[in-house]
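Contents: one structure, followed by commentary.
The values are calculated or read from the model by the stated rules, or taken from the named source; none is laboratory data. No experiment lies behind these values; they were computed from the predicted model shown. Glycine gets a Cβ as well: all are built from the backbone with ideal geometry, and neighbour counts include every protein chain shown. Calculation scope for accessible area: heavy atoms of the full protein, side chains included, ligands and nucleic acids excluded. Shrake-Rupley method; radii C 1.70, N 1.55, O 1.52, S 1.80 Å.
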Amino acid sequence: MWRRCFHGLMSAGLIGAVAAPSLANINGTIDANITLEAGCVINGQSHDDGSSAADFGSLNFGSHNTLFTQADGQVMNGGSAFEIQCSSGIAPVLTFNAGQNDGEGAGAGLRAMANQAQAGQYVTYNLYSDAGRSTVIPIGDSITLASTGALQTVNVYGRAFGEAGLLPGAYSDVITVTLEL
């Protein structure tokens, strides 16, 4: 009987050993992808190619009386000239398009700021590429920036021109700027 029991246990042990599942590794892969598009950082804000509503800064000529002859300003962003950094290998082109009141007013400037309270009142002004304000940036003219991918400071200057008969008030204009990649 002991022998039968031993044979029975042996048979059960062998059957159990044969029936136990074997362990194996399962190998596979993960696909990782990214698509990069050209873009720029304008004054610290990232913009993809084709985006809109970028803030290039503001041009403030300050406060003057109605008898001023000229006032100078610079396009600024938070106290300094505006900055652009674009994807490496792309030579971005910055175009200063039309404002809201171009050709209005009798002053010496190509552009014009309109009196916000009195229709028909304008202060003319120009944009310049140099601090001496000798090189006008005509409406629709462009500046090509470097293609290095480095952060670039863009200095754009303005000069407003007085004229007889200006009324007191706040004057403003909005210039459309395009950065072509």
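Within region 29-66, how many residues turn out to be part of a loop (DSSP other than H, G, I, E, B), open to solvent by 50 Å² or more (accessible area, probe 1.4 Å) and over 30 Å from Pro168 (Cα atoms)?
Within region 29-66, the subset part of a loop (DSSP other than H, G, I, E, B) is 29-38, 43-44, 49-57, 60-66.
After this cut, where a residue has to be open to solvent by 50 Å² or more (accessible area, probe 1.4 Å) as well, the list is 29-37, 44, 49-53, 55, 60, 62-65.
If we keep only those that are over 30 Å from Pro168 (Cα atoms) too, we end up with 29-37, 44, 49-53.
Adding up the residues that qualify gives 15.
Give me the residue from region 151-178 that is open to solvent by 50 Å² or more (accessible area, probe 1.4 Å) and touching a residue at least 60 places away in the same chain (Cβ under 8 Å) and, out of that set, nearest to the chain's Cα centre (by Cα).
Residue satisfying both the conditions and the ranking: Thr178.
In region 67-90, is there at least one residue being within 24 Å of Ala170 (Cα to Cα), modelled with pLDDT of 95 or more, hydrophobic (A, V, I, L, M, F, W, C) and open to solvent by 70 Å² or more (accessible area, probe 1.4 Å)?
Yes, region 67-90 contains at least one residue that is within 24 Å of Ala170 (Cα to Cα), modelled with pLDDT of 95 or more, hydrophobic (A, V, I, L, M, F, W, C) and open to solvent by 70 Å² or more (accessible area, probe 1.4 Å).
Of the conditions (1) closer than 28 Å to Gly44 by Cβ; (2) open to solvent by less than 60 Å² (accessible area, probe 1.4 Å); (3) free of Cβ contacts under 8 Å to residues at least 24 places away in the same chain, Ser147 fails just one. Which one is it?
It is condition (3) that Ser147 fails.
Tell me, please, whether a residue that is part of a helix (DSSP H, G or I), open to solvent by 60 Å² or more (accessible area, probe 1.4 Å) and either at pLDDT 95 or above or not polar (S, T, N, Q) (or both) can be found in region 18-26. Working first, answer last.
First, the residues of region 18-26 that are part of a helix (DSSP H, G or I): 18-19.
With open to solvent by 60 Å² or more (accessible area, probe 1.4 Å) added as a condition, the list becomes 18-19.
Narrowing further to those that are either at pLDDT 95 or above or not polar (S, T, N, Q) (or both): 18-19.
Yes, region 18-26 contains at least one residue that is part of a helix (DSSP H, G or I), open to solvent by 60 Å² or more (accessible area, probe 1.4 Å) and either at pLDDT 95 or above or not polar (S, T, N, Q) (or both).
Could you say which residue among Ala117, Ala98, Ala131, Ala112 is within 16 Å of Phe61 (Cβ to Cβ) and either among the hydroxyl-bearing types (Ser, Thr, Tyr) or not in a strand (DSSP E or B) (or both)? Give the derivation first.
Values: Ala117 fails: within 16 Å of Phe61 (Cβ to Cβ); Ala98 fails: within 16 Å of Phe61 (Cβ to Cβ); Ala112 fails: either among the hydroxyl-bearing types (Ser, Thr, Tyr) or not in a strand (DSSP E or B) (or both).
Just one listed residue meets the conditions, Ala131.
Within region 134-147, track down each residue that is over 17 Å from the mean Cα position of the chain (by Cα) and either not aliphatic (A, V, I, L, M) or not in a strand (DSSP E or B) (or both). Before you say what the answer is, go through the steps one by one.
Keep residues of region 134-147 that are over 17 Å from the mean Cα position of the chain (by Cα), which gives 134-141.
Residues satisfying the conditions are Ser134, Thr135, Ile137, Pro138, Ile139, Gly140, Asp141.
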